[in-house]
1. Look at B:Ala73 and say whether it is away from every other protein chain (no Cβ under 14 Å), surrounded by 15 or more Cβ atoms within 10 Å (Cβ to Cβ) and more than 15 Å from DNA strand C (Cβ to nearest atom).
2. Report yes if A:Thr28 is in a helix (DSSP H, G or I) and hydroxyl-bearing (Ser, Thr, Tyr), otherwise no.
3. Looking at this structure, is B:Leu178 outside any helix (DSSP H, G or I), buried (at least 16 other Cβ atoms within 10 Å of the Cβ), more than 8 Å from chain A (Cβ to nearest Cβ) and of a type outside the set (Asp, Glu)?
4. Looking at the range B:34-42, is at least one residue under 23 Å from the mean Cα position of the chain (by Cα), more than 20 Å from B:Gly111 (Cα to Cα) and within 15 Å of DNA strand C (Cβ to nearest atom)?
5. I'm checking my understanding of the structure. Among residues of the range A:107-121 that are more than 14 Å from the chain's Cα centre (by Cα) and touching a residue at least 40 places away in the same chain (Cβ under 8 Å), which one is farthest from the other protein chains (Cβ to nearest Cβ)?
6. Got a number for residues in the range B:142-175 being more than 10 Å from chain A (Cβ to nearest Cβ) and free of Cβ contacts under 8 Å to residues at least 24 places away in the same chain?
7. Any chance you could count how many residues in the range A:147-168 are under 13 Å from A:Ile131 (Cα atoms) and under 13 Å from the mean Cα position of the chain (by Cα)?
8. So which residues in the range B:1-46 are more than 13 Å from DNA strand D (Cβ to nearest atom), away from chain A (no Cβ under 14 Å) and buried (at least 17 other Cβ atoms within 10 Å of the Cβ)?
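The values are calculated or read from the model by the stated rules, or taken from the named source; none is laboratory data. On a predicted model such as this, the values are computed, not experimentally measured, just so you know. FYI the Cβ positions are ideal-geometry reconstructions off the backbone, even for glycines, and counts take in every protein chain you see.
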Protein chains: 2
Amino acid sequence: MARPKAFDRDAALAAATKTFATYGFEGTSTALLVKSMGIGRQSLYDTFGDKHALYLEALQHYCFDSVGQLAAALQSAGSPLARIEAALLGFAARIQDDTMCLGVGSICEFGRRDREVAAIGKSSATSLQNIFAATIQRGKDLGEIPPEIDPKDAARFINATFIGLKVMARGGATHDDLRATVQMALRCLG
Amino acid sequence: MARPKAFDRDAALAAATKTFATYGFEGTSTALLVKSMGIGRQSLYDTFGDKHALYLEALQHYCFDSVGQLAAALQSAGSPLARIEAALLGFAARIQDDTMCLGVGSICEFGRRDREVAAIGKSSATSLQNIFAATIQRGKDLGEIPPEIDPKDAARFINATFIGLKVMARGGATHDDLRATVQMALRCLG
DNA sequence: ATCTTTCTGGAACGACCAGTCAAATAAAGA
DNA sequence: TCTTTATTTGACTGGTCGTTCCAGAAAGAT
């Protein structure tokens with residue numbers, strides 16, 4: 001073994017994630033990445049491959065983390081409806097410092113052109129909707145949510161509203177606007 | 001007066017709009033614009049200024065048209081709820097040929113960094129939500145929508161879901177998925 | 001038909017892009 | 001301490017970016 005890396009790989013990846021989330025893939029130059037990650041150019045290429053590979057890894061990592069955090073928030077004890085409300089609002093609040101949700105950003109920027117990006121997006125959307133569906137099922141079991149609601153449809157709908165919230169937050173919507181929107185969405189489940 | 005332009009300005013602008021909607025601002029090169037618009041390089045710069053000015057004009061035009069079309073669809077006679085459903089589905093269906101809604105795309109790509117882009121987005125979102133609110137008010141008057149619904153909140157919520165639908169369509173959601181999602185959203189108003 | 005004004009198309013510009021190379025540096029093992 | 005191996009640093013590459021210049025072509029006005 002020889003000289004170890006002088007930077008924290010995870011921290012560098014997190015910085016890249018934030019930069020990509022703010023400026024998009026095409027809007028982020030390698031010079032900006034090098035600067036925001038605080039590492040040398042060659043270190044970037046040695047450690048992460050190239051710009052596209054770095055983007056994929058950032059996206060993968062971001063989606064995995066986000067779904068995990070939302071799962072934790074949704075699966076904790078308490079009223080399922082209240083959990084959903086808190087999870088959506090908590091997440092949307094993080095957008096407001098001018099960074100987009102990288103998952104939504106990647107879909108908007110690439111659509112289905114980039115197969116790898118699309119696969120990550122599709123897979124994490126499925127995971128997230130499964131978690132929403134489980135929470136909704138729990139709400140049905142508890143009698144909070146009426147039995148005629150199909151958990152899969154409702155989960156997809158909640159995800160759609162969630163995406164809309166993130167875009168609105170990116171556009172500068174106030175926290176009050178977001179909260180009122182979430183409360184309207186939850187009416188459907190009540 | 002001298003030689004008239006050999007191309008249709010509106011058609012060229014429409015082509016640019018489609019290209020921007022597909023690849024985003026940063027993802028669209030002037031070479032691609034020249035090709036997709038079917039005009040010469042110099043004609044582009046003489047007629048539209050520069051790439052950014054062309055983007056702004058395309059965005060403005062697109063938002064104006066879209067809001068107008070949605071207004072027409074929403075204000076036509078018939079059940080307000082059915083009008084909303086048809087308007088949302090009709091619009092989302094147009095996304096599927098791998099072009100994004102340019103309005104949503106611009107917010108996702110730029111956030112609030114570009115003041116002019118943000119202003120267009122904000123203004124057309126307000127217009128659209130006013131139209132939704134009027135339609136919802138009409139639904140209340142007709143007794144289709146319960147009186148405790150606040151039209152402004154409901155309109156913002158419908159817009160959020162609408163944005164989510166467009167992103168999902170861009171990501172490859174099926175028409176059935178979109179329809180089920182719209183129907184869930186309309187439950188909130190019923 | 002000629003003039004004048006505009007449009008057109010191709011070549012060219014400097015700036016910046018993503019990515020590479022090689023010399024210099026630093027840490028671990030002998 | 002000396003070798004080995006990896007990381008770092010910064011200069012550098014070919015290519016593409018948005019934009020402009022220029023010469024030629026075309027159509028209304030005279």
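1. yes
2. Criteria not met by A:Thr28.
3. On the way: outside any helix (DSSP H, G or I): no; buried (at least 16 other Cβ atoms within 10 Å of the Cβ): yes; more than 8 Å from chain A (Cβ to nearest Cβ): yes; of a type outside the set (Asp, Glu): yes.
So B:Leu178 does not fit the description; no.
4. Scanning the range B:34-42 turns up at least one residue that is under 23 Å from the mean Cα position of the chain (by Cα), more than 20 Å from B:Gly111 (Cα to Cα) and within 15 Å of DNA strand C (Cβ to nearest atom).
5. Per the stated criteria, the residue is A:Glu116.
6. Here the count works out to 4.
7. Counting residues in the range A:147-168 that are under 13 Å from A:Ile131 (Cα atoms) and under 13 Å from the mean Cα position of the chain (by Cα) gives 1.
8. The answer is B:Ala12, B:Leu13, B:Ala15, B:Thr17.
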